[in-house]
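What follows is a short report on a single structure.
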Amino acid sequence: MMPGLSLDTYDQGERNALADAMEVMIRAFDPAYGEAWTLSQLSGVMLMPGTWLTVARLDAAPLGFALVRSVLDECELLLLAVDPSWRGKGIGETLLRDSLLTARRRGITSMNLEVRATNNAIRLYEKNGFEYVHRRPGYYRGNDGQLHDALSFRLDMLI
Ligand SMILES: CC(C)(COP(=O)(O)OP(=O)(O)OC[C@H]1O[C@@H](n2cnc3c(N)ncnc32)[C@H](O)[C@@H]1OP(=O)(O)O)[C@@H](O)C(=O)NCCC(=O)NCCS
């Protein structure tokens with residue numbers, strides 16, 4: 001893990017955690033693909049039991065976050081994002097592995113995710129053992145109205 005990086009996990013939508021995640025959200029997602037969430041979407045999902053948000057910070061500055069929703073023994077990685085100026089330093093992978101660790105600790109046995117078919121993040125997921133499940137045509141709508149396919153991936157974990 002990058003020296004000085006701290007990870008904090010929130011099971012409720014604490015104001016500072018939501019604000020920090022939104023700071024990264026605004027910078028991280030290209031509006032062309034319509035993947036970023038609004039503050040009200042983020043605070044709404046945090047009201048659902050079994051959802052957790054992990055924020056990566058360096059000297060209190062938010063650099064990335066992961067958002068996971070779980071139901072019984074399954075979970076879904078809803079969002080993973082790193083500030084563009086801090087990419088390629090392992091922060092995304094640290095957040096992903098921490099999310100998997102948290103899931104295991106909570107007795108969860110699988111993690112699912114959807115990712116735009118052209119997203120480089122697929123490399124990160126495959127590297128960490130996720131397997132392709134299927135394609136969902138036109139899953140994302142960009143701000144220009146163009147539709148983009150999503151691929152769904154799954155990781156089955158041995159507890
Ligand atoms: C995806 C994202 C979170 C990766 O964060 P990151 O901190 O740059 O990733 P890491 O430095 O931890 O990379 C880990 C591994 O992922 C892969 N990877 C990550 N970004 C990649 C890229 N742009 N191109 C190719 N491989 C990439 C590599 O295999 C890398 O391992 P390596 O350095 O050993 O080759 C970041 O690019 C991001 O925020 N993207 C925009 C938001 C998004 O699309 N999120 C995913 C869908 S919700």
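The values are calculated or read from the model by the stated rules, or taken from the named source; none is laboratory data. Quick caveat, the model's predicted, so the values are computed rather than measured. Counting neighbours? That spans all protein chains shown, and the Cβs are built from the backbone with ideal geometry, glycine included. Heavy atoms of the whole protein, side chains included, go into the accessibility calculation; ligands, DNA and RNA do not. Shrake-Rupley method; radii C 1.70, N 1.55, O 1.52, S 1.80 Å.
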Problem set entry | LEU124 being within 14 Å of the ligand (Cβ to nearest atom), over 22 Å from MET22 (Cα atoms) and either modelled with pLDDT of 95 or more or crowded, with 16+ Cβ neighbours inside 10 Å (or both) | yes
Exercise. If ASN143 passes every condition in (1) open to solvent by less than 30 Å² (accessible area, probe 1.4 Å); (2) touching a residue at least 60 places away in the same chain (Cβ under 8 Å) but one, which one does it miss?
Worked result: (1)
Seminar exercise, completed: Counting only residues in the stretch 75-118 that are touching a residue at least 40 places away in the same chain (Cβ under 8 Å), within 11 Å of the ligand (Cβ to nearest atom) and over 17 Å from GLY64 (Cα atoms), the one surrounded by the most Cβ atoms within 10 Å (Cβ to Cβ) is identified as LEU113
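Before we move on, is ALA21 crowded, with 20+ Cβ neighbours inside 10 Å, within 23 Å of ASP156 (Cα to Cα) and either more than 9 Å from the ligand (Cβ to nearest atom) or at pLDDT 95 or above (or both)?
Values: crowded, with 20+ Cβ neighbours inside 10 Å: yes; within 23 Å of ASP156 (Cα to Cα): no; either more than 9 Å from the ligand (Cβ to nearest atom) or at pLDDT 95 or above (or both): yes.
Answer is no for this residue.
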Exercise. Could you list, in sequence order, the residues of the stretch 24-52 that are surrounded by 14 or more Cβ atoms within 10 Å (Cβ to Cβ), outside any strand (DSSP E or B) and among the β-branched types (Val, Ile, Thr)?
Worked result: VAL24, VAL45
